[in-house]
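Note sheet for the following structure.
The values are calculated or read from the model by the stated rules, or taken from the named source; none is laboratory data. Please read all numbers here as calculations on a predicted model, not as lab measurements. Note: ideal-geometry Cβ built from the backbone for every residue, glycine included; neighbour counts use all protein chains shown.
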């Protein structure tokens, strides 16, 4: 389903829920427990609404990666947003594991920190950093980045994915390779990345990590996010192929050829594929 279609469905669900809660004097901001995780949620946000209603964001994706992450693993979450997957990863790896979460926007990083704090002490295996990961640490952080998907009719949203820009005043730039070296991370077992078309730029700064650790990679492949620089999408797919990765479409478990044209054909117009990449 296209992102805009998902947002439309979510908006209808939000308006219905908002109206019902208003009858009882309840606001959009709430703190709830879902599947043994405490969440501070804003129901006017797409990710938050999904957690409130379904217990998780991207339920099928969570079920899939739960079979690939083991206790004691080290997991990297790039584009952590409010922690929708970060907290799930924390539960999976347990006290012997570690989760390193990176999020650049003030808005989402604040939500991430609140959700981590709500789940103390078991969430103590999470190391959260407000940083924009990129190919070169000398790059400047853009003043605004998409990290909100509001459902309350807000104007000035992105016409393709309905996102809202948020400030990055507290962020710094880092490469993943340098960030892991600073934190003396000895191994990386699993890496999730969802950065709305900046995946190639981020992974250019993670070549050492990928070459050394060969982690499993969960990634959203969305050619439409690369409309202004399609060669970066081609280079992203070629990067994985050159490093010996193989991909599957997690929606059906079928192999996904690491060929830019094949991925574009599979995704269609303004849609995406959540894929798992693994070196074999």
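Below is a table of values for the structure above.
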{"item": "Residue list for region 1-41, filter: crowded, with 20+ Cβ neighbours inside 10 Å and either touching a strand residue (DSSP E or B) at 6+ places or on another chain (Cβ under 7 Å) or assigned to a strand (DSSP E or B) (or both)", "result": "37, 39, 41"}
{"item": "Residue match in region 82-104 (condition: over 30 Å from residue 169 (Cβ atoms) and in contact (Cβ under 8 Å) with a residue 60 or more places away in the chain)", "result": "no"}
{"item": "Scan of region 221-256 for residues that are farther than 20 Å from residue 159 by Cβ, without any contact (Cβ under 8 Å) to a residue 12 or more places away in the chain and out of contact with any strand residue (DSSP E or B) (no Cβ under 8 Å at 6 or more places or on another chain), ordered by number", "result": "231, 242, 252, 253"}
{"item": "Filter pass, residue 196 being under 21 Å from residue 85 (Cα atoms), in a loop (DSSP other than H, G, I, E, B), at pLDDT below 95 and touching a strand residue (DSSP E or B) at 6+ places or on another chain (Cβ under 8 Å)", "result": "yes"}
{"item": "Out of 261, 241, sole residue that is in a helix (DSSP H, G or I), at pLDDT 95 or above and surrounded by fewer than 20 Cβ atoms within 10 Å (Cβ to Cβ)", "result": "241"}
{"item": "Of all residues making up region 212-224, the number that are modelled with pLDDT under 95 and surrounded by fewer than 22 Cβ atoms within 10 Å (Cβ to Cβ)", "result": "2"}
{"item": "Tally of residues being in contact with a strand residue (DSSP E or B) (Cβ under 9 Å, 6 or more places away or on another chain) and without any contact (Cβ under 8 Å) to a residue 24 or more places away in the chain across region 53-64", "result": "2"}
{"item": "Region 102-130, residues that are part of a loop (DSSP other than H, G, I, E, B) and within 18 Å of residue 195 (Cβ to Cβ)", "result": "103, 104, 105, 130"}
{"item": "For residue 190: the one exception among (1) surrounded by 17 or more Cβ atoms within 10 Å (Cβ to Cβ); (2) farther than 24 Å from residue 47 by Cβ; (3) in contact with a strand residue (DSSP E or B) (Cβ under 7 Å, 6 or more places away or on another chain)", "result": "(2)"}
{"item": "Answer residue from region 134-171, given it is under 17 Å from the mean Cα position of the chain (by Cα) and free of Cβ contacts under 8 Å to residues at least 40 places away in the same chain and is surrounded by the most Cβ atoms within 10 Å (Cβ to Cβ) among those", "result": "163"}
{"item": "Region 8-45: number of residues that are at pLDDT below 95 and closer than 17 Å to residue 108 by Cβ", "result": "0"}
{"item": "Of all residues in region 245-258 being over 23 Å from residue 211 (Cα atoms) and surrounded by fewer than 15 Cβ atoms within 10 Å (Cβ to Cβ), the one that is farthest from the chain's Cα centre (by Cα)", "result": "254"}
{"item": "Residue count for region 112-133, restricted to those that are in contact (Cβ under 8 Å) with a residue 24 or more places away in the chain, under 29 Å from residue 209 (Cβ atoms) and in contact with a strand residue (DSSP E or B) (Cβ under 7 Å, 6 or more places away or on another chain)", "result": "13"}
{"item": "Yes/no for residue 62 being surrounded by fewer than 19 Cβ atoms within 10 Å (Cβ to Cβ), within 18 Å of residue 272 (Cβ to Cβ), touching a helix residue (DSSP H, G or I) at 6+ places or on another chain (Cβ under 7 Å) and modelled with pLDDT of 95 or more", "result": "yes"}
{"item": "Subset tally (residues that are touching a residue at least 40 places away in the same chain (Cβ under 8 Å) and under 21 Å from residue 39 (Cβ atoms)) for region 65-77", "result": "4"}
